[in-house]
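The values are calculated or read from the model by the stated rules, or taken from the named source; none is laboratory data. Bear in mind that the values here come from a model prediction, so they are computed numbers and not experimental data. Reconstructed Cβ throughout: ideal geometry from the backbone, glycine too, with neighbour counts over all protein chains shown. Ligands, DNA and RNA are excluded from the accessible area calculation, which covers all protein heavy atoms including side chains. Shrake-Rupley method; radii C 1.70, N 1.55, O 1.52, S 1.80 Å.
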Amino acid sequence: MPPKNDNGLASTLAAIERARKAPRAAVMPALLKSGDELADAQRSLAESSRDTGALIDSIAVTQPGQSTLPYSQPGGSRVAGETEVIVTAGNTDVRYAHLVEFGTAQAEAQPFFWPAFRLLRLRLQNRLNRAARKAVRDEWNGK
């Protein structure tokens, strides 16, 4: 049994534990929103390379615990971590996303994937940081 007069140590330790666990759950909505925003921006930029629309339709957001599609770029098939959202372009039918992005000897590059990422990177990171800070602050204050 803890001593009666612990000078707030028990409540401080409890607040630290709550604050440590809070960001994971609180950041998830911001993470999913950021993934969707990035995918929408990439689809918008890919519009300039529209032929059939298959490339645009292949841009996908993979949620935590799910697997990306085979042949998706960058990196091919893999499982998203529990606090990770993966945005990819390409699939089994659309194996040419990287060729559109970087070009070939016969076709000029029509970048859509990385420019959208570079354009939104700070905005998306700031959204996640705000959500995490708010979660820690709210849990620390016992809200």
Original post:
List, please: which pairs have Cβ atoms under 7 Å, are six or more places apart or on different chains, and start with a residue in the stretch 80-103 that is among the basic types (Lys, Arg) and end with one that is at pLDDT below 90 and open to solvent by 20 Å² or more (accessible area, probe 1.4 Å)?
Top reply: Arg95/Tyr71
**OP:** Scan the stretch 84-109 for residues that are small (Gly, Ala, Ser) and open to solvent by 60 Å² or more (accessible area, probe 1.4 Å) and jot them down.
**Re:** Ala105
Original post:
Out of (1) open to solvent by less than 40 Å² (accessible area, probe 1.4 Å); (2) more than 18 Å from Ala30 (Cα to Cα); (3) at pLDDT below 95; (4) hydrophobic (A, V, I, L, M, F, W, C), the odd one out for Phe112 is which?
Top reply: (3)
Original post:
What are the residues in the stretch 37-68 that are assigned to a loop (DSSP other than H, G, I, E, B), surrounded by fewer than 19 Cβ atoms within 10 Å (Cβ to Cβ) and at negative phi, if any?
Top reply: Arg50, Asp51, Thr52, Gln63, Pro64, Gln66
Subject >> Count of residues meeting criterion [touching a Ser or Thr at 6+ places or on another chain (Cβ under 8 Å) and free of Cβ contacts under 8 Å to residues at least 24 places away in the same chain] in the stretch 26-67 >> reply: 1
Original post:
Could you say whether any residue in the stretch 8-23 is within 25 Å of Gln125 (Cα to Cα), among the small types (Gly, Ala, Ser) and touching a Leu at 6+ places or on another chain (Cβ under 6 Å)?
Top reply: no
Original post:
Would the stretch 112-124 turn up any residue that is in contact (Cβ under 8 Å) with a residue 60 or more places away in the chain and closer than 30 Å to Ala15 by Cβ?
Top reply: yes
